[in-house]
Amino acid sequence: MAKKAAAAKSREIAVEGIFGPGGLLAQRHPGYEFRPSQLAMAKIAEEAFQKHQHVVIEAGTGTGKTLAYLIPAIRSGRRVVVSTATKSLQEQLFQKDIPFLEKHFAPRLKAALMKGRSNFLCRQKVHQMNGQLIFKGIEEIDWFAQIRDWEKLTATGDRSELTFLPDDAELWNRIDARSDLCTGQKCTEFQHCFITAMHQRAHEADLIIVNHHLFFADLAIRKDDFGSILPEYSAVVFDEAHEIEDVASDYFGRQLSSYRVEELGRDTEHMLRLLEIDSAPLRREIVRLRERARSFFDCFPGPEGRHRFDRAERNVFLEQNREPYDGLVSILQRVESELAALRPKPEEVTAMARRAAELRRELVFLIESEEKSYVYWYERRGRGLFLVATPIDVSQILREQLFDRFDTVILTSATLAVGGRFDYLKQRLGVLPSQENVLPQEFNYPSQALLYLPSGLPDVRHPSFAACAAEEIARLLEISEGRAFVLSTSTAQMKELFERVRDRVHFPLLRQGTAPRSVLLERFRQTPHAVLFATASFWQGVDVPGAQLSCVIIDRLPFAVPSDPIVAARMRALEEDGRNAFAEYQIPEAVLALKQGFGRLIRSKTDRGVLSILDSRIQRMQYGKIFLESLPEYATTRDIREVARFMEHQAR
Ligand code: SF4
């Protein structure tokens, strides 16, 4: 009641009084400037919380979206979950925006940050490993000693505090708090466990900050009535909402990888050592598990990448590989039985037996299931093999599990609308919003950005395209003096363009795949006149404000490839429904991807730069209009001399 009363009192100040000129934000926020779209968004969010509505808001970069939903969320007096696309966005919100709100608006605000279990340390595992000779090399011994000391001091147990530990340190996998080996309330450390503490903070919080992965992991568990990760809540805000179809598809799908089977063997052996259980039969079965897993996963043909594995392909696979498949199913069964037969049987052993059973069930489903609502595929990636079943359409699942279950869901992002409409988003997610808004841009795009559409380039499918495109890229880079992203729709095309351009220009060139993403980005930021060649993963969430990034060149319209099993299945489903899959799926997907890619350039009111798309279809084809109408109002030219003039003007 007290919380509701406080919220009602805080609402006495109208939203204008906070976001408007001379309002509370103007008085308290050091970087405040009046942004009409921010005020408009805050009003929509406030109304959604009060009237219990679903709303969709496209708000461009620079709107100040975060405060526009956080302040109404706090004023609502309800428990709100805010879901962001990545852990780094989550942390930014928690470390920057929440402290600001606590200081100036809501001193009693209770906010909690929640991440997946593997981000946290398991105290029990650390205590069990202490004093044991199970480390791989001096480096691991040193890291473990530091982690042991840190465990006594840290309030959160969050791995992000361990700045010395490399991202790929295998040691972390053996001491993190993932649920596989967790014995829950039976654990002697349960009361002091970092996961318990995170859940307690969340239970007491008004605002819970999660990422889409954790949100949908929770939603998928709730669906099966296996409990939940998040406490009860009544409203959700999705920031970067354009990503939720993909993430939801992962969590409502099924998956088994060769790594998970390997981990079962490794973790079982590790557990036996820690618990000092000596079971020769179980150790023998683990050796067999490894052999059989290898023979089974080696049966999958094809190069790296995704491969279709529908009913017909699976039937052929089974005819040819029945023996290795049955062998893996039966060894998983035997590992489970051996674990179940161990005496004494501590809780860890029961948990491991459950894990073996789950892997077996997953394997049988992925190879034998007849359920038609999934698309079945496999992917060879590095030395891993992933067997996957993805729901073809998540709209019905989301409608039932999310939009019908919670009465307030706010979806926002800079890229949700196609041609100014939300039809595509509504159809893909199954949401029926009470309000949908494309808010005016806060940037002055006509003067800040020039869209260059070169004339005379051949069609992207013509053999001479790469050579001509490389020439055009080199010309543009000379004008922009490097400082550019060249974004390709495929790795092969990226490599080809890189090779063709490298001898023509004298700027430092970077290429995706030669170093981790974060390292490449840092190099790009630090190296004057650098040019980065990259593919789709750089189209999202990359922020390089200022003149260091002055040009973004995109080689082709980013149509999803119809050979991809998920894309193919989704297109087929639409066609079977009598609809036009190209118009209703491929074009809108590509429009949103292009908006994302171009969105890298203008990140502040002082950024300026040139965007170029080398794909002549945007000019020639009827559908090109939809792309152009969906982009912000850039100044547009087909004349490279205008590009030079624009850049000269920038240099002055
Ligand atoms: S409750 Fe689970 S995660 Fe927490 S310390 Fe115990 S075993 Fe580890």
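The values are calculated or read from the model by the stated rules, or taken from the named source; none is laboratory data. Because the structure is a prediction, the values reported are computed rather than measured. With ideal geometry, Cβ positions are generated from the backbone for all residues, glycine too; neighbour counts draw on all protein chains shown. Surface areas here come from the heavy atoms of the whole protein model, side chains and all, with no ligands, DNA or RNA. Shrake-Rupley method; radii C 1.70, N 1.55, O 1.52, S 1.80 Å.
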What are the residues whose amide H is under 5 Å from the amide H of residue 112, where those residues sit 5 or more places off or on another chain and H is modelled from the backbone? 207, 208, 209
Compute, for residue 438, the solvent-accessible surface of its heavy atoms (probe 1.4 Å) with the complete set of protein chains present, and express it in square angstrom to the nearest 10. 70 Å²
Expressed in nm to one decimal, what extension gain is obtained for the pair residue 629 and residue 371 from 0.36 nm per residue of sequence separation less their Cα-Cα distance? 88.9 nm
Quick check: net charge around residue 36, other residues with Cβ under 12 Å of its Cβ, Lys/Arg +1 and Asp/Glu -1? -1
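If you roll a 1.4 angstrom probe over the protein chains with everything in place, what fraction of the accessible area of segment 117-191 belongs to carbon and sulfur, to the nearest %?
On segment 117-191, the fraction of accessible area on carbon and sulfur atoms equals 51 percent.
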Would you mind computing, in nm to one decimal, how far apart the modelled labels at residue 142 and residue 341 are, each placed 7 Å from Cα along Cα→Cβ? 4.6 nm
Spin-label zone in segment 144-183 - amide nitrogen under 14 Å from a point set 7 Å from the Cα of residue 192 along the C-beta vector: 148-157
Separation of alpha-carbon centers, segment 38-85 and segment 409-482, rounded to whole Å: 25 Å
Relative to the present Cα-Cα distance, how much length would full extension add between residue 619 and residue 491 at 0.36 nm per residue of separation? 43.6 nm
So for the chain, what are the equivalent ellipsoid semi-axes in whole Å, largest first, each being the square root of 5 times an eigenvalue of the Cα gyration tensor? 42, 34, 26
When the helix-only estimate is applied to the chain (DSSP H runs of n ≥ 4, each -39,500 (n - 2.57), divided by the residue count), what is the mean residue ellipticity at 222 nm, nearest 500 deg cm²/dmol? -14500 deg cm²/dmol
On a C-alpha basis, how far is the centre of segment 185-243 from the centre of segment 16-34 in Å? Whole number, if you could? 33 Å
In cubic angstrom per residue, the convex hull of segment 254-391 built on its Cα atoms measures 102 Å³
For segment 117-191, what D do you get in µm² per second when you plug the Kirkwood radius from alpha-carbon pairs into Stokes-Einstein at 37 °C and 0.692 mPa s? 257 µm²/s
Run the quick spin-label model on residue 464 and residue 92: label points 7 Å from Cα toward the beta carbon, then report their separation in nm to one decimal. 4.4 nm
For the chain, with the dipole built from +1 on Lys and Arg beta-carbon atoms and -1 on Asp and Glu ones, taken about the Cα centre, which of 94, 346, 302 lies farthest toward the positive end? 94
Leaving ligands, DNA and RNA out of it, report the carbon-plus-sulfur percent of the accessible area of segment 445-651 at a 1.4 Å probe. 51 percent
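Stretch residue 16-residue 304 to full length: gain in nm at 0.36 nm per residue minus the Cα-Cα span?
98.2 nm
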Using modelled backbone amide H atoms (1.01 Å from N, in-plane), which distant-in-sequence or interchain residues come within less than 5 Å of residue 385's amide H? 258, 259
Can you give me the long-range amide H partners of residue 418? Hydrogens built in the peptide plane at 1.01 Å from N, cutoff under 5 Å, separation of 5 or more residues or another chain. 423, 424
Could you go through segment 605-622 in sequence order and give the Karplus-derived ³J(HN,Hα) for each residue, using 6.51 cos²θ - 1.76 cosθ + 1.60 with θ = phi - 60°, rounded to whole Hz, and x for Gly and Pro? 5, 9, 5, 9, x, 10, 10, 9, 10, 8, 8, 6, 4, 5, 9, 8, 8, 4
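What is the percent carbon and sulfur in the accessible area of segment 254-391, measuring with a 1.4 Å probe over the protein chains and ignoring ligands?
48 percent
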If you roll a 1.4 Å probe over the heavy atoms of the protein chains, what accessible area per residue do you get for the chain, in Å²? 45 Å²
